[in-house]
Amino acid sequence: MFCSKKKSLEVERIVKANDREYNEKFLYKDNRIHTSKYNILTFLPINLFEQFQRVANAYFLFLLILQLIPEISSLTWFTTIVPLVLVVTMTAVKDATDDYFRHKSDNQVNNRQSEVLIDSKLQNEKWMNVKVGDIIKLENNQFVAADLLLLSSSEPHGLCYIETAELDGETNLKVRHALSVTSELGADISRLAKFDGIVVCEAPNNKLDKFTGVLSWKGSKHSLNNEKIILRGCVLRNTSWCFGMVIFAGPDTKLMQNSGKTKFKRTSIDRLMNTLVLWIFGFLICLGTILAIGNSIWENQIGNQFRTFLFWNEGEKNSVFSGFLTFWSYIIILNTVVPISLYVSVEVIRLGHSYFINWDRKMYYSRKATPAEARTTTLNEELGQIEYVFSDKTGTLTQNIMTFKKCSINGRIYGEVHDDLGQKTDMTKKKETVGFSVSPQADRTFQFFDHHLMESIELGDPKVHEFLRLLALCHTVMSEENSAVRNPEGQIKLYSKGADTILFERLHPSNEDLLTLTSDHLSEFAGEGLRTLAIAYRDLDDKYFREWHKMLEDANTSTDERDERIAGLYEEIEKDLMLLGATAVEDKLQDGVIETVTSLSLANIKIWVLTGDKQETAINIGYACNMLTDDMNDVFIIAGNTAAEVREELRKAKENLFGQNRIFSSGHVVFEKKQSLELDSVVEETVTGDYALIINGHSLAHALESDVKNDLLELACMCKTVICCRVTPLQKAQVVELVKKYRNAVTLAIGDGANDVSMIKSAHIGVGISGQEGLQAVLASDYSFAQFRYLQRLLLVHGRWSYVRMCKFLCYFFYKNFAFTLVHFWFGFFCGFSAQTVYDQWFITLFNIVYTSLPVLAMGIFDQDVSDQNSMDYPQLYRPGQLNLLFNKHEFFICMAHGIYTSLALFFIPYGAFHNMAGEDGQHTADYQSFAVTMATSLVIVVSVQIALDTSYWTVINHVFIWGSIATYFSILFTMHSNGIFGLFPNQFPFVGNARHSLTQKCTWLVILLTTVASVMPVVAFRFLKVDLFPTLSDQIRQWQKAQKKARPLRSRKPQTRRSSSRRSGYAFAHQEGYGELITSGKNMRAKNPPPTSGLEKTLYNSTSWIENLCKKTTDTVSSFSQDKTVKL
């Protein structure tokens, strides 16, 4: 391994079939894959190296080293090493477990069996033993072991069919075909064994849709392209067998080349915590400096009086040097302000939140048995701070199940139904469907209502027959698809199907009249929300085609400007097409899309739709999803073809939006991070009314240029709805990056296909929908589920809860550790700045990992301010997360001040009470050990009462953890202060008998009670007045929940489910026709629901529509709780 030759950078690959010895000289990689990071020997050093690259772990290791220096450490080493070892061990176990499963997966793949042609016979070999140049036999439904050059197959002309879902997420089958010279080899093992062709091709790369190479065999050269290659990860379908030659193996395959590292995503809270930790470290340095200066002064003025008693020689201890040592001693003592358990607790809480998402039955899609899945555990709280959602359309908002609805053939529309008077009527299931019993292969579930199409077929209409023949032969759904075929009469025809914007440019001039008529039909189809493709053909002369095909072969085998020459040849043949017509298919909206979009909009989440569909379809989608309404003030359409046109259109749109009174500069606005936030927030407040922006892909390309993009962003962010149509996957990612960079907002991208992967990876949070287009989007996502409607629950319930819980956890954690640690600072002024600790060393060790760890974890994992249903019903509850109100620098300083106040009470109340105080037995109780036990007990009780006040949602676990932690404290306290353990370890447990002596004194418990009351009562009073005088929406809903619970303790209320109208499904995107107005009015929903009985329901029931109901829930809640309160965020 270590003695092997170093391989130089590969420029091109040369592979000879059936010759391992020849190929080995190039040092090509074998077919073994390694996705694991460690092995038995490297795990410990590499894992420890990785862990101590983290600043927190390195910091605590540094403290441990300091504690090993006797001159500066007043704490024994175990106070730091115990939690550090615990954290490092837990992380190592987690990493080892993850890597074990990676090893297991690697072994499972590497040990798969494949038939390899070795020594003129087929032998079963493990995948990891396959070499470059080997010939492999594949059978139907078998995974492809490596990137292969297809040689022959069981199908005519060397064809085979593959499924590429593992590569690009697409489930439709792809066709691959072998060269005619190799397809003749068939399954003849002897001929295959003699095959000695040499392939010269591109070096390994990650381009899935491109391959260039040349096969040299028997003195001839044959060009190779992507159609001749079967990639690893594909599955052979509908093909009995095929043979292939290994070109790329193992890590060199395109599948593995695409499995690069995913960008590590961090939440805004993570970034804030890092900043706060640096601030706290600076704060510790300040405290240590103050105490060090105090020590130097004390040693200089007072300390020399004690040197006679301590047997120090004169001048042996310098006061400045003593202060220097004291500085490091206090850095060690005060480091518990940020304990290492903080990072462990954060990860545990995030893990719990992830499991809640995975276990949520309301996000489980029973039709496909697909649960929601949190594919990462580090981003949960950021789900509660989303401001922008970027959504794909097909398969995300829609079902991605295409149903043939209409077509235009030779200027006539088929698919419409007319009544006896010749008027167009709606198609319903009551109408008689067209029977296709004449064809035994017809789809029995397909319904078509226009009998004229069948009549035209039976009458032998040549255009209709040609139209359907083209659909049968050219059936891969792409933006443009061409097929050249020869009919039984020997005539060669070029069949073409694609987007009208591309195809219409290549028509013969004689199609002008038909083009006009078909364009009108396409606009009509798009207006009904149908997806369209244009259909055309061309008759090719036999001689011309042979000459063209010869030039194509020459271009394929060339090495210079190969792609340009091929593209030019295709442009040459794809012209003078004859238009046949167009198809129109329906892609229905998913259930719950309208409700989800409306609810997210009320939560002030802006939804941008990024789709590849044409403008008409995009507009109709907007109306169907309730993103666009007739009540909007204006809908801006940007369709310029040049940068100047786009800039001018954006300028006019902004003038219209802001009015003529506001003057805009002709240039662009330069956004700085702080300035942009201030400017945008002011500008957004001045904009009144609802606006929408629709922009085409070619205009977006110009708008994303450096001198225009800020104008685009300013306008788009002022609009309620933004729809980008005809956009490429790259443009989707660019739009997301634009908002991330200049708006400083948390973004979420959601999609279901391979074309959404770049957008999903660019956003702060990526969501994949496991739909009809494979798993590529899911595999690249942070969260996944089966339906768009689950996004509402993911954000408004799980995201909001995670954010609230994490903020409450951090506030409490910093508070309790400031209260716990700063007592040492006050004690320093009374102990000669000697760095003596107030508490027993074992209490310092166990405080964060035993006495207070579980209650705060229970709150961080289980707490709910309001129920999940109320979180859905009142989307405005989501607003504090977007504004980052619950944990920020201001809240941190409040927690810090709270902790400082509590530390003052914890120290000075017992100190004052114990001054010249005697116990009930007349003995003096103001000794150091009694003082330490009293303060420690007071601290445990105070922080337990505080977390009880912070807990909004009580479970059995909360009770057990809080009461159990207090009981555990007393159990350990009495054990460590017992005579038995002192007899075993006298040096480690010096507080013998103190707990029994101190805690049997009534005066001690009175001091503990007084300290607890003084620490907690200001918090109770402040929160009572705040909730009573300035209640938030969350406070009001929580009070209403309590009132409802008391009023109906025994009554269980069944959740009402809204019936989805079947009538809507026939008009997936209908705007001008259909039932959109009826749906939004709510008239078709109220009749089935019984009137509500009381309370908040009555208020909402009297609204005019379900959308208004939802709006009123978020704006008119005041009357449901109190008449005179002001709703505040």
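Summary of values
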read-out: Placed amide H near residue 592: partners under 5 Å, 5+ positions off or other chain; value: none
read-out: Solvent accessible area, Å² - residue 76, 1.4 Å probe, full protein context; value: 40
read-out: At R0 = 60 Å, FRET efficiency that the Cβ-Cβ distance of residue 644 and residue 181 yields, to 0.05; value: 0.65
read-out: Of the trypsin sites (Lys or Arg not before Pro) in segment 228-291, those whose Cβ has at most 14 other Cβ within 10 Å and which sit in DSSP loop; value: 261, 263, 266
read-out: Normalised convex hull volume, segment 849-891, alpha-carbon set, Å³ per residue; value: 92
read-out: Exposure of residue 728 as accessible area (Å², to 10), given a probe of 1.4 Å and all protein chains; value: 60
read-out: Karplus (6.51, -1.76, 1.60) ³J(HN,Hα), θ = phi - 60°, over segment 641-658, in Hz, Gly and Pro reported as x; value: 9, 10, 4, 5, 5, 5, 4, 5, 5, 5, 5, 5, 5, 5, 4, 5, 5, 8
read-out: Probe 1.4 Å, all protein chains present, accessible-area order of 963, 241, largest first; value: 963, 241
read-out: Segment 722-732 - phi-based ³J(HN,Hα) in whole Hz, Karplus 6.51/-1.76/1.60, Gly and Pro as x; value: 10, 10, 9, 10, 6, 9, 8, x, 5, 5, 4
read-out: Under-5 Å amide H pairs with residue 978, H placed in peptide plane, nonlocal only; value: 993
read-out: Dipole magnitude (debye, nearest 20) for segment 551-649, charges at Cβ of Lys, Arg, Asp, Glu; value: 440
read-out: Where Rh is the Kirkwood radius over Cα pairs, Rg/Rh for segment 1-145; value: 1.22
read-out: Cα centroid separation - segment 923-976 against segment 851-916, whole Å; value: 18
read-out: Segment 488-637 - Kirkwood radius from inverse mean 1/r over Cα pairs (Å); value: 18.9
read-out: Net charge contributed by nearby residues that have their C-beta within less than 14 Å of residue 940 (K/R +1, D/E -1); value: 0
read-out: Listed residue pairs exceeding 23 Å between alpha carbons, taken from 720/889; 137/174; 121/210; 889/1026; 393/652; value: 720/889; 121/210; 393/652
read-out: Residue 225-residue 369 FRET efficiency (beta carbon distance; Förster radius 45 Å; 0.05 resolution); value: 0.70
read-out: Hydrodynamic radius by Kirkwood, which averages 1/r over all alpha carbon pairs of segment 87-191, in angstrom; value: 16.4
read-out: Mean separation of Cα contacts under 8 Å (6+ apart) over length of segment 192-256, as relative contact order %; value: 31
read-out: Value in Å of the Kirkwood radius, where segment 816-939 supplies the Cα pairs that are averaged; value: 17.6
read-out: For residue 102, solvent-accessible area (1.4 Å; no DNA, RNA or ligand), Å²; value: 80
read-out: Amide H within-cut-off set for residue 637, under 5 Å, with H built and near neighbours excluded; value: 694
read-out: Phi to ³J(HN,Hα) by Karplus 6.51 cos²θ - 1.76 cosθ + 1.60 over segment 347-356, Hz, x for Gly, Pro; value: 5, 5, 5, 5, 4, x, 4, 5, 5, 4
read-out: Probe 1.4 Å, all protein chains present, accessible-area order of 347, 387, largest first; value: 347, 387
read-out: Segment 56-209, relative contact order [Cα under 8 Å, separation at least 6], %; value: 13
read-out: Protein-only accessible surface order, largest first, of 41, 148, 159 at 1.4 Å; value: 41, 159, 148
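The values are calculated or read from the model by the stated rules, or taken from the named source; none is laboratory data. In this text the structure is predicted, and so the values were computed from the model without any measurement. For neighbour counting, all protein chains shown are included, and Cβ atoms are generated from backbone atoms with ideal geometry for every residue, glycine included. SASA here: full protein model, heavy atoms, side chains in, ligands and nucleic acids out. Shrake-Rupley method; radii C 1.70, N 1.55, O 1.52, S 1.80 Å.
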